[in-house]
Amino acid sequence: WTTADEELKLTGLPDGKYVLEEIVAPDGYNVITKFNFTVDNGIVTTKGNDDVKVNEAGDFITAFDEAFKTISISKQDMSNKGTELPNAQMKLTLVEATEKGETLEKVATAGGDKVAKNEAFTEITWTTAEEELKLTGLPDGKYVLEEIVAPDGYDIITKFNFTVDNG
């Protein structure tokens, strides 16, 4: 099922073992951990975890999605600090993901900023604008930020290495 504004109420689950799994999280959110639980006499007898809570009566399960952190990338004029510098071509590369198989495919931008992703979803490129770029959904890992083309009259900045840890 797809979640909505109201909780889904299932009644009459037969006794047995179950798995609650989020297949696709909403944009900007992590997929929750699979939750294995047991129903015995109509009561959930399994304790919750970080992503899923079972109420004391054992008749209600709540899944909690945590939003990805938003990371802002700003290109500023050094002589006029605080002023965004448009028209620089930038590239962000995921050099090494913490989890095997993680990519930049689900990365979203706030406010509809225009970015391009390569076919392998390991790089994001964009042209700077009047406002900083805000990215959500960057997976944990090691990154390189580099300027490909500087605006007229400016020098290309040095590559910048950083690590993202959403934990």
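The values are calculated or read from the model by the stated rules, or taken from the named source; none is laboratory data. All figures in this text were calculated on a predicted structure; none of them were measured in a lab. We work out accessible area using only protein heavy atoms, side chains counted, and drop any ligands, DNA or RNA first. Shrake-Rupley method; radii C 1.70, N 1.55, O 1.52, S 1.80 Å.
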Proportion of all alpha-carbon pairs of segment 98-155 beyond 16 Å (%)
50 percent
Among the listed pairs LYS106/LYS159; LYS34/LYS100; LYS114/LYS134; LYS117/LYS159; LYS100/LYS142; LYS75/LYS106, give every one whose C-alpha distance is greater than 21 Å.
LYS106/LYS159; LYS75/LYS106
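Can you give the Rg to Rh ratio of segment 1-96, both from alpha-carbon atoms, with Rh computed by the Kirkwood formula?
1.25
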Could you list, bin by bin from short to long, the percent of Cα-Cα pairs of segment 49-97 in 5 Å steps?
4, 13, 12, 13, 10, 10, 8, 7, 9, 7, 5, 3, 0
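Summarise the accessible area of the chain (1.4 Å probe, protein heavy atoms) by the percent that is carbon and sulfur.
Solvent-exposed carbon and sulfur of the chain make up 49 percent of the total.
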Per residue, in Å², the accessible surface of the chain once ligands and nucleic acids are set aside, probe 1.4 Å:
70 Å²
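Tell me the Kirkwood radius of segment 31-167: reciprocal of the mean inverse pair distance over distinct alpha-carbon atoms, in Å. The partial results should precede the final answer.
Numbers: mean 1/r = 0.0565 Å⁻¹.
It works out to 17.7 Å.
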